[in-house]
Amino acid sequence: MNREVPVSVTSAADFQVVTGVSDDALARLQIYADLLVKWQAKINLVGPDTIPELWNRHMLDSAQIAPLIAHGNKVVDFGSGAGFPGLVLACMDPTLDIHLVESDQRKCAFLREVNRTAGCGVTVHNERIENLEPLAADVVTSRALASLDKLLAFAEMHSLSTGIYLFLKGKRWSEELTEAEKTWKMRVLHHPSRTDPAGMILELKECTRHHEHLE
């Protein structure tokens with residue numbers, strides 16, 4: 001688990017150099033970025049102080065999990081908010097079947113506008129995670145939504161038994177993992193964040209509850 005020196009990009013061109021995305025993918029991401037800046041003036045999609053760092057703080061932070069997802073997978077993104085990471089992944093790989101789950105109606109309106117304008121091909125669910133019919137995902141993603149223990153409970157509802165979970169976590173990732181392991185058995189792969197020196201991407205497989213926690 002060697003931690004690389006964090007990458008920093010300041011523009012769409014930098015982003016393309018670092019990620020190797022196609023021109024078509026970059027065009028979709030640019031439409032997304034432009035709409036985010038426009039809508040941010042009306043509704044709070046992301047922290048206002050992060051807008052100047054959009055390509056690094058949000059786009060690249062989301063994009064770094066793309067190599068961990070197989071082409072054609074069904075991906076369910078919990079608490080999508082402004083679309084990170086799910087909408088970025090959709091812009092990058094149009095073969096993915098991506099479902100964005102977000103309970104805030106205004107944020108869903110934004111996600112649908114980006115989807116319509118950029119042609120991302122996502123499905124937007126304006127609903128609480130626990131109220132959705134099971135989505136049977138190959139991959140579950142989430143960024144800055146809830147504790148790991150809570151995310152695992154949500155993921156259990158909406159993933160296949162063979163599914164993997166990719167959760168972007170900040171500096172408390174180790175504490176959250178220790179707490180979650182009291183309830184869950186899982187295989188854990190650690191991927192140091194390329195954008196956050198203290199962050200970690202947790203790739204979780206074969207997640208099951210300990211017997212004493214089965215109801």
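In the stretch 70-80, is there at least one residue being free of Cβ contacts under 8 Å to residues at least 60 places away in the same chain, closer than 22 Å to Leu152 by Cα and under 13 Å from the mean Cα position of the chain (by Cα)?
Yes, that holds for at least one residue.
Could you say which residue among Leu111, Leu145, Leu100, Leu135 is of a type outside the set (D, E, K, R), in contact (Cβ under 8 Å) with a residue 12 or more places away in the chain, in a loop (DSSP other than H, G, I, E, B) and within 20 Å of Ile43 (Cα to Cα)?
Leu145
Test Leu160 against the criterion of being more than 28 Å from Pro197 (Cα to Cα) and assigned to a strand (DSSP E or B), and give yes or no.
Yes; evaluated as a whole, the condition is true for this residue.
Within the stretch 23-69, which residues are in a loop (DSSP other than H, G, I, E, B) and farther than 23 Å from His158 by Cβ?
Correct list: Ala41, Lys42, Ile43, Asn44, Leu45, Val46, Gly47.
Which one is surrounded by the fewest Cβ atoms within 10 Å (Cβ to Cβ) among residues in the stretch 162-182 that are among the charged types (D, E, K, R) and in contact with a strand residue (DSSP E or B) (Cβ under 7 Å, 6 or more places away or on another chain)?
Glu176
Specify the residue that is farthest from the chain's Cα centre (by Cα); the eligible residues are those in the stretch 183-198 that are open to solvent by 60 Å² or more (accessible area, probe 1.4 Å) and touching a residue at least 24 places away in the same chain (Cβ under 8 Å).
Lys185
The values are calculated or read from the model by the stated rules, or taken from the named source; none is laboratory data. Because the structure is predicted, anything quoted here is derived from the model rather than measured. Positions of Cβ are backbone-derived with ideal geometry, glycine not excepted, and every protein chain shown enters the neighbour counts. Note: areas computed on protein heavy atoms with side chains; ligands, DNA, RNA excluded. Shrake-Rupley method; radii C 1.70, N 1.55, O 1.52, S 1.80 Å.
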